[in-house]
1. What is the order of V215, V196, V360, fewest Cβ neighbours within 10 Å to most?
2. Only four residue types carry charge here, +1 at the Cβ of Lys and Arg and -1 at the Cβ of Asp and Glu. Report the dipole size of the chain about the Cα centre in Debye, rounded to the nearest 20.
3. Find which of N248, G170, A197 sits farthest along the positive direction of the dipole of segment 152-273, computed with +1 on the beta-carbon of Lys and Arg, -1 on that of Asp and Glu, about the Cα centre.
4. Between S319 and T154, what is the spin-label point distance in nm, taking each point 7 Å from the Cα along the Cα→C-beta axis?
5. Can you compute the FRET efficiency between H37 and E220 using 1/(1 + (r/R0)^6), with r the Cβ-Cβ distance and R0 = 60 Å? Round to the nearest 0.05.
6. Taking segment 97-163, which trypsin sites (Lys or Arg not before Pro) meet the DSSP loop condition and have no more than 13 other C-beta atoms within 10 Å?
7. Anything over 27 Å Cα to Cα? Flag those among K89/K271; K361/K398; K89/K129; K285/K385; K121/K315, in the order listed.
8. Counting other Cβ atoms within 10 Å of each Cβ, which chymotrypsin sites (Phe, Trp or Tyr not before Pro) in segment 103-203 have at most 16 and sit in a DSSP loop?
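We did not get these values from a lab; they are worked out from the coordinates using the rules stated. Keep in mind that this is a model prediction, so the values were computed, not measured. Here the Cβ positions follow ideal geometry from the backbone for every residue, glycine too, while neighbour counts run over all protein chains shown.
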Amino acid sequence: MKKFLKAALLSVCLLCFAFGAAACADNEGEAKKEGFHYYTTQSGEKVLYEYVAQKDDDGSDVTEVVIPDNLGISKIQAGAFSGNGTVKKLVVSSTVKEIAPKAFAGMKALESITLPFTGEKAGAVNAAKTFGYAFGTDEYDEGVAVTQSYGSGTATYYLPKTLKSVTIVGGEDYALPAYAFHSMSNLTSVTLSGDVASIGDYAFYGCYYLSNFSVPASVESIGAQAFVNCDRLIGTASVGADLSVKGNFAFAENGALRSIGEYAFAGTKLKTVDLSGLTQLSEIKTGAFAGAIVPDAEVSDGTVTKFDGKLEEVKLPASLTKIQSRTFYDCDNLTTVIYSDNLTEICGDAFADCGKLRIVKNVSYTADPADAKAGVVVLPASVTKVWAGAFVNIGSDKITYTLVNNATASVLTDGWRNSDGKWSDLQS
């Protein structure tokens, strides 16, 4: 009897194995369901672990893919889009709160991507805050290597060679992190939308092929060196600048921008910067538009980084009462700076070594120099202090200046004296 039971049990096991093997064979031969594959965690989070390429009704590849809000995906797992060769445009839902490293690894055709944040998640730190983080560090033939700094180190990521356009849809008070797009020289377009509150230090440093940019109305501050080495921004920066013209840089109308960081646009190739429409802008920090970066001697070897800047004309807003030190230092091509009648202070080296500078005046002063060898510096009644060296070495010894001194308070004479003394008699 026992032998019979053992034999029967063995037969059942063999049958189960056979059916199981057949089922496995069927599953292996069966094509995976197209679209999004996700699971739900015990805490209720939906995790996207795989996207399977889709076909449209005509049998063609679906190239534009949107992760819809109604799926409620909160996390994208590593490898979810790994090796995909069909998606050209990808829109990630704002419901997504975390993107694992290598989530988009090996994508071969991606041209445009829309994300709710850069890196792993909003508020991420170190390498996890950078754009390249979600693409991973694995080399592949269709990828291009990009080495991003994140402040305390660097990481080399591999992004699709085809990727040119990125949109970041920031949530409420989203801060674009420092170094977010540092050295992303393959990108030609980055759009910030939603409620981005700030642009971090070095955020776009080295984005050589960025051909236009628009600062949303929600942005209150631009960080240090944020747009250094953005060499394709060669046109006009102003409120409402025409972005159909390559090289232009636009600020939103009725924007909240209050502060521009140290050396934020140092060495800029922009020819004209008109900030007069920024009614909230009250602070432009040291060297913001300088032609060279003078490092802090306490934290560096003192080496000055010189740029081939192209800035020619600047208009400052009525909300700005102080021109900080080195704001326009060593701007080789700068000819004209117009500030408001509310200006009270010009700090040291503000215009130092600007070899072609001819006109520095307040907006209500209408007279201009008679010829190219004549210049004018106007101190309106509102000015209370000009610091030593503010205008040192301007004009490269080729321009003779008239100082129109309407200031109601005394100023430091070293501030406006040229090194070679080429000033005409003072006017009052």
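1. Values: V215 20, V196 23, V360 30.
Listed from fewest to most nearby Cβ atoms, that is V215, V196, V360.
2. Values: 36 positive and 48 negative charges, 124 e Å.
For the chain, the charge dipole is close to 600 debye.
3. Positive-most Cα among the choices belongs to N248.
4. So the label points at S319 and T154 sit 3.7 nm apart.
5. Values: r = 40 Å, r/R0 = 0.67.
E(calc), rounded to 0.05, equals 0.90.
6. Nothing satisfies the criteria.
7. Details: K89/K271 34 Å; K361/K398 19 Å; K89/K129 22 Å; K285/K385 17 Å; K121/K315 38 Å.
Going by Cα-Cα distance, K89/K271; K121/K315 fall outside the 27 Å limit.
8. Y140
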